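The values are calculated or read from the model by the stated rules, or taken from the named source; none is laboratory data. If you're wondering where the values come from, they're calculated on a predicted model, not measured in any experiment. Quick reminder, even Gly has a Cβ in these numbers, built from the backbone with ideal geometry, and neighbours come from all protein chains shown. Note: accessible area is taken over every heavy atom of the protein model, side chains too, but ligands, DNA and RNA are not part of it. Shrake-Rupley method; radii C 1.70, N 1.55, O 1.52, S 1.80 Å.
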Amino acid sequence: MNTILLAAEAAKGIDPWIAICSLATVAITVGMGFWTAGKSKSAGDFFVAGRSVSVGWNASAISGEYLSAASFMGVAGMVMATGYDALWYPVCYACGYLFLLLFIAGPLRRFGAYTIPDFAEGRYDSPMFRKIAVCFVLFIGFFYTMPQMKGAGTTLAYIFPGLPYWAGVVVVGAVITLNVSLGGMKGITLVQAFQYWLKVFAITVPIFVLASLVGHYQQHLAANKTSQETVAAAPAGIERKALPAKAPKDEAWIAPFGKLTTKALDASIVAAKTPEAKAELEANKKPYSLLYTYSLIIALVCGTAGLPHILVRFYTNPDGVAAKRTTMWVMILIGVFYVFPPVYGVIGRSLTPELYDAVGAKGTDKVVLELPTLLAGRDHPLLGSILSGITCAGAFAAFMSTFSGLLVSMSSALAHDIYGRMLKPGASPEQRLKAFKWSALIVGLVAVGLGSQVEALEINFMVGQAFAIAAASYFPLLFMSVWWRGMTMRGAATGMLVGGLSALASITLTSISDVAVAKAKKIADAAELSAYWADHPLAKTIADYWVAHPLARILCEQPAIWAVPLSIILMIVVSKATEATVPADVRMKMLVLHAPEALGLKQEYIKEHEGLGGH
Amino acid sequence: MREPTSPTPVDIHSDAFLARMMRDQLKLSIACALCFVVALVALPLLNYFQPAFMAQRVFGFTLTWLILGVLFFPFVWIISYVFIKRSIALENAEAQAAQDGQTK
């Protein structure tokens, strides 16, 4: 009741176009869910869409699932906030698929499992390993879910001012949970494919219209002077508002190794007591930035190749060749998309610099939604409204499609791996189907619960964490299992656990102190501040340690550069030590992974007639 | 009839067949990955050691912005296209070789 009242209150200040476009996106999503519900019948349909999704559909669906709230809003916001360095995000998000294509996609599909834990168990004949793998699926899944939920909450609160943050989380959670339990994998494939094209439309059309009226990408970029230029070489007619004091300077913004990568060292420099110490730290700035950049690249590239909700979609292809073709098309589809968010960031820097003064969702993160509304003030009120309606629809599609993918992969883990394989191996197809629906409901509820708690955290930061954990656990596991015959279960499990958990631990350390520091910054009174720190001794100790050791801070914030090699080395060392436990039929397993389907060796690891088919 | 690629009959269950097949495919994958990794490693290094060169203006972009923000995407598409072509050809050749071996 309260919500309805609040919504009615808020409705006064809402642009009808924005409301209509957002509601239409939700309505179409729900409608498609009901429409496909009749088509998904068997367990195979629910878990892997009957393994019959064509290359075009699957590529669109994977792209739709992959382009999350972080891509749609976060990347533009980050480019605007930090400049050049943030470009690594879209580039590595898109190019990480190359590793997936080159080393993992084809063989993984040939193995014919339903889920990654299936693969883990099947490759090493170890039910124990399935349990470990399931934990990681759920773990990475929930880590990745939280930022999607946060995107939902903040966008809805932006569109309907006055609506509380949790309302968006609940709405999106409910819609997607309904969809997934109605149609499973088969149902969301269609929805996600549709949402990909909606997102591309929503990111391109407004920016083309906008650029034709206010100036193009490169013209706005040229308005930022580099350190070699004395005046900005802005072409005539490019308008630029004055930057607030909080905004980074042109030279630092447009050049590599800027604010994003030097944050840790900047804090140390501020705290340094002597000028000598300051100078010494200044000298370290560039090498540390380079290190940060490389670690970020490794996390994003290897993390993309290790995200369980993306990997599980490759099982929906009919065969290994189709899996490879799909990956190539995914790279093209998402590459086309990722050219555009930085354009919003660049034009936003010229035209909406006031966003620099606010933080997070109220600041640069909303540049994608904010920019089209500028046209309203430029004698195009209707056009401005329609375009911002379109971008809002795109934002909705972004977190809905990613969340639906996550929900399917986590529900599969619960229903297939935990219920169907561990708790009740003899369950009938009907029972398994029912288990999937119940699992979707449980995961949906947990996701909504978690999502409503993370309002204070940054979207891109949380996504980065999920990537770093995936990069240090699943990527080494899959890469080594597919290509090295000598891997043993113990080696695989040790490497994956140590790599993944140490990445998680180091990231947690940085976020404990970051959250505390962010809170402390808001306290103006000195006595209150020291009382606050006295209450949080652990965070204080960590925060002080970071200031004293900026290098350690960088390595903990971006752990991929040491965690991924650590994981791979452990896998090799432990496997060598336990050589006797290499699965006896490893040659056959490798043959199934690598031999072309034409040889007739293909045998689906999970067979429909095993009682999983519903017909 | 085309000539079998190997003089002895291919037994698809032999270690030799598996080893050769994995080696050929891995070689191709690694060659493609190297192109990509070299570019990924080189760009930050160029930014580091040649900042002035990378900051020159090209069509209003700085050179490094143009490379990372625009040109990197088609570069990766080309690698993946070449990989797909070659890897499917490789699979067909393997299948052919194996079938020739079995019918002999």
Query - Principal-axis tilt of helix A:88-99 within chain A, Cα atoms, nearest 10 degrees - result: 20
Query raised in the report: Which value in nm describes the separation of the simple spin-label points at A:Phe34 and A:Ala245, placed 7 Å from the Cα toward the beta carbon?
Result: 5.6
Report summary line: In whole Hz, the Karplus estimates of ³J(HN,Hα) for segment A:175-191 (6.51, -1.76, 1.60; θ = phi - 60°; x where Gly or Pro) are 4, 6, 4, 4, 4, 5, 6, 6, x, x, 4, 5, x, 6, 4, 5, 4
**Report entry** Table column - 3J(HN,Hα) (Hz), segment A:67-75, Karplus curve with 6.51, -1.76, 1.60, x for Gly and Pro
**Finding:** 6, 8, 4, 4, 6, 6, 10, x, 5
Query raised in the report: Short version: ³J(HN,Hα) in whole Hz for each residue of segment A:583-591, in order, from phi by Karplus 6.51 cos²θ - 1.76 cosθ + 1.60 (θ = phi - 60°), x for Gly and Pro, what are they?
Result: x, 4, 9, 4, 5, 5, 4, 5, 4
Requested in this report: Identify the trypsin sites (Lys or Arg not before Pro) of segment A:415-520 meeting these criteria: DSSP loop state and at most 16 other C-beta atoms within 10 Å of the C-beta.
Outcome: A:Arg485
Requested in this report: Can you list which of the trypsin sites (Lys or Arg not before Pro) found in segment A:329-420 are DSSP loop residues with at most 16 other C-beta atoms within 10 Å?
Outcome: A:Arg378
Query - Residues whose placed amide H lies under 5 Å from that of A:Gly258, excluding near-sequence neighbours - result: A:Asp85
Query - Cα-projected label distance for A:Gln228 with A:Arg378, points at 7 Å along beta-carbon direction, nm - result: 3.1
Query raised in the report: For the pair A:Ala548 and A:Ala577, what calculated FRET efficiency results from E = 1/(1 + (r/R0)^6), where r is the Cβ-Cβ distance and R0 = 56 Å, to the nearest 0.05?
Result: 0.90
Query - Probe 1.4 Å - accessible area at A:Lys246, Å² to nearest ten - result: 130
Query - For B:43-53, mean number of other protein chain Cβ atoms within 10 Å - result: 4
Requested in this report: Return, ordered by residue number, the residues of segment A:521-546 whose backbone nitrogen is under 16 Å from a label point located 7 Å along Cα→Cβ of A:Ser511.
Outcome: A:539
Query raised in the report: What full-extension length gain, to one decimal in nm, is calculated for A:Ala19 and A:Leu441 as 0.36 nm per residue of separation minus the Cα-Cα distance?
Result: 149.2 nm
Query - Inter-centroid distance (Cα atoms) of segment A:63-116 relative to segment A:383-401, Å - result: 21
**Report entry** Rough spin-label spacing in nm, given labels placed 7 Å along Cα→Cβ, for A:Lys424 and B:Ala52
**Finding:** 7.4
Query raised in the report: How would B:Ile79, A:Ile569 line up by accessible area, probe 1.4 Å, largest first?
Result: A:Ile569, B:Ile79
Query raised in the report: Once the Cβ-Cβ distance between A:Gln453 and A:Gln431 is put in as r, and R0 is 35 Å, what FRET efficiency do you end up with, to the nearest 0.05?
Result: 0.60
Query raised in the report: Of A:Lys199/A:Lys249; A:Lys366/A:Lys522; A:Lys246/A:Lys278; A:Lys131/A:Lys589; A:Lys263/A:Lys540; A:Lys39/A:Lys150, which ones are farther than 28 Å apart at the Cα?
Result: A:Lys199/A:Lys249; A:Lys39/A:Lys150
Query raised in the report: Based solely on its DSSP helices, what 222 nm [θ] is calculated for chain A when runs of n ≥ 4 H residues each add -39,500 (n - 2.57) and the sum is averaged over all residues, nearest 500 deg cm²/dmol?
Result: -23000 deg cm²/dmol
Query raised in the report: Can you give the mean number of other chain Cβ atoms that lie within 10 Å of the Cβ atoms in peptide A:220-230?
Result: 3
Query raised in the report: Can you pull the percent of the protein assembly as shown's accessible area that's carbon plus sulfur, 1.4 Å probe, other chains left in place?
Result: 69
Requested in this report: Quantify how strongly other chains surround peptide A:287-295 by giving the mean number of their Cβ atoms within 10 Å of each of its Cβ atoms.
Outcome: 2
